[in-house]
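Quick notes on the structure that follows.
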Amino acid sequence: MSVCNDSGLSSQRTATPNVFLAIAVGFQGQRMAVRKFSGEMLAPGSAQGGLVFLETDFTLLAPWPSQTGGIEQELNRFEQHIDGLVDELTETIATLEAETAHTEAQILQTHLYLIKDRKFHQDVCREIRDNAMSAEAAIETVLRRIMVVFEQSGNSVIVERAADIRDILTRLSRRVDREHRTIIEMQEDEGAVILATRELLPSTVLDARHSRVVGFVVEQGTSLSHAAILAKSLGFPILRLDDLHCLQEFSGEETLLDATEGSLLIAPDVAEIAARSAYLSARRRIDRARLPVSLWINVADPSQVTPELLRTVAGIGLYRTEVLFMEQTDDFPTEEQQYRVYKSLFEMCRESCTVTVRTADIGGDKVLPYFPLGPQENPYLGVRANRIYREHPEILISQMRAILRAGLYSRNLRILYPMIGSREDLSFIRQLLGEAIRSLRARGDAFRGHFHQGIMIEVPSAAWSCSELLELVDFASVGTNDLLQYFFAVGRDDPHISPSYRTHEPVALLLLKRLADAAACASKPLSICGELASDPQLLPLLIGLGFEHLSVDIHSLPLVEEAALGLNVEECKRLAARCLNAGTSQDVRILLNDSGLVRKHPGARPPRPGQPVDPICHELVDPAGVGLAITRKGRRIHFCSAECRDEFYAREKSAHQNLTYTT
Ligand code: PEP
Ligand code: MG
């Protein structure tokens, strides 16, 4: 199976069945006329596979086993199930609390109370004793009885509680039948899968690597969530639709997911598949020397990197090492494990390029299953990166030892520290580096003594004191994902408030310009490694603001290259100057659109006659798409993204704005 990204890069993915598909459901219904859906790209690329929903609804796998070992054994099995469920729920509650999902955690807390309830235990034991039931059948019988009482209560609040019972039963059924289902999967299912799920979590993306999943369709999340960043990096396209229900009747159907275009096509015919392949293979190879900016790549997992890819970029601008930590299930990766992974990457880069290794940025939404950080009001403002190392310095010291030992195999090593907010933060990290070096010397281990040190500029205080901090380091990289989140006080993961995440706001551009100026003045290399750098539409602006190095997501690389081709730095500077003087982000968008420097749809197919145009960004939109179209005065208006649609609503509200649109 191959996962093609719009990059034209094609990554071979081995489809391994796993528990993912164990909870997949099929649903065949009436075929709808519409078979193309439009949505918002959260991660670029395209993939083809059968549409599978991650089930969140209740199904039972009864009949349960009959009582085989007698009453005592069934009573024991009942206790084991309850202990297992208690552990599972407690762990999930801790994770939810850590993610500040307090409401969800509280719901699970009520499940916990229920299964620990003394009356519930008495009733189950009675069923086992008096009616010779197996543990599972007795649990289900008692829970169903409670469920019926709830459902028939006539009180809407209590009726809702029946769902809690269904949830417990679903958990129980998964526990009992997990192994069986996986075996069925291995025997029967072979094909690639496009997974439809309401919300994508980083752990789901990581698990997907060892499954048949080749792409995602989701309802929640933004392109800045770590799940999306990981997916981008690992080559999984993600499309967000406003409502997944419209897809339900196509469960099991072959689908062509083109997240870059923002479309999902159900049951594509041969011609449609062939057109897609031709489009991908027609991508041009770009001569890097002709680009006005040096392009680096962001890496989440060294296995994504190939020598061929490395030959085409300036280097690795961001290696997110915390992903290695997130992949572990039981404990931190040992120094030895880390050493081996880093060494393999450094060896691959030795010939041609520089590697920028970021020390583990744990916390925020990057949770480690084996290292609960406890309940936090807001994890993004809580215990993250350096703050963890104040309590647990050994985590960073052992990582630094591994990096420096493996560094012997690299030609150009740069170490990047995340979430630095002050000189004090930096000197604390340097103290730990000193300890790592001392311990390596004491052990008599060989290590690399010469390397560059840099900081992420992603905390507003670091941006504010950029000039002073730059004096202390060799280079810096702007983490726009976090910087803008903290700058505008808007969560980077929340699609409901994403219009407030204002990438085009003149004040944000001014912030970036000041950083670029400070770096130029200090003669220190500065790059952007946040997702902004991977947006081809923003490229002329970033170049015009003075950025000479951009580190982009691997799968966005060809789009960014193509957008960069032929850009003139002086023209970009003039555009940036106009944008810096603009009043609003909307004015900036218009200036960008009118500049002639932004390629509408880089690499896209030519427009068809009568094809609608997004009235906000003027991109071509597929009229067959649904979900992002609205009707005004009998006319259908199509949008390329929810953001443009929201802009449209905003403008509509504003009496003095006049919209013109073409259909
Ligand atoms: C950023 O904040 O822009 C960044 C690159 O770091 P991360 O997305 O991993 O937090
Ligand atoms: Mg960050």
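Things to note:
- For Ala43, the residues whose amide H sits under 5 Å from its own are Ile238, ignoring neighbours fewer than 5 places away on the same chain, with H placed 1.01 Å from N.
- Order of exposure, largest accessible area first, which applies to Lys232, Lys513, Lys653 with probe 1.4 Å: Lys653, Lys513, Lys232
- Given R0 = 51 Å, the distance between the Cβ atoms of Val507 and Glu249 translates into a calculated FRET efficiency of 0.65.
- 15 Å beta-carbon shell around Ser465, net charge (K/R +1, D/E -1): -3
- Here each label is just a point 7 Å from Cα along the line to Cβ, and for Asp594 and Arg290 those points are 3.0 nm apart.
- Phe120 contributes about 10 Å² of solvent-accessible surface, heavy atoms of the protein only, 1.4 Å probe.
- Here the calculated FRET efficiency for Leu114 and Ser153, from their Cβ-Cβ distance with R0 = 22 Å, stands at 0.90, rounded to the nearest 0.05.
- In order along the stretch 474-482, the phi-based Karplus estimate (6.51 cos²θ - 1.76 cosθ + 1.60, θ = phi - 60°) of 3J(HN,Hα) comes to 8, 7, 8, 9, 8, x, 5, 4, 7 Hz; Gly and Pro are listed as x.
- Pairwise centroid distance, computed over Cα atoms, of the stretch 355-392 with the stretch 453-504, Å: 17 Å
- Arg405, Arg578, reordered so the largest accessible area comes first (probe 1.4 Å): Arg578, Arg405
- Accessible area, probe 1.4 Å, largest first, for residues Met41, Met348, Met456: Met41, Met348, Met456
- With R₀ set to 51 Å, the beta-carbon distance separating Arg448 from Glu72 gives a calculated FRET efficiency near 0.25.
- Distance in nm between pseudo-label sites at Ile497 and His210 (7 Å out along the Cβ direction from Cα): 3.6 nm
- Annotation: His226 carries an accessible surface of approximately 10 Å², with a 1.4 Å probe and no ligand, DNA or RNA atoms counted.
- Distance (nanometres) between label positions extended 7 Å along Cα→Cβ at Ser465 and Leu309: 3.7 nm
- Taking all protein chains together and rolling a 1.4 Å probe, Leu432 ends up with roughly 10 Å² accessible.
The values are calculated or read from the model by the stated rules, or taken from the named source; none is laboratory data. These figures come from a predicted structure and were not determined experimentally. For neighbour counting, all protein chains shown are included, and Cβ atoms are generated from backbone atoms with ideal geometry for every residue, glycine included. For the accessible areas, the whole protein counts, side chains as well, though only heavy atoms, and no ligand, DNA or RNA atoms are used. Shrake-Rupley method; radii C 1.70, N 1.55, O 1.52, S 1.80 Å.
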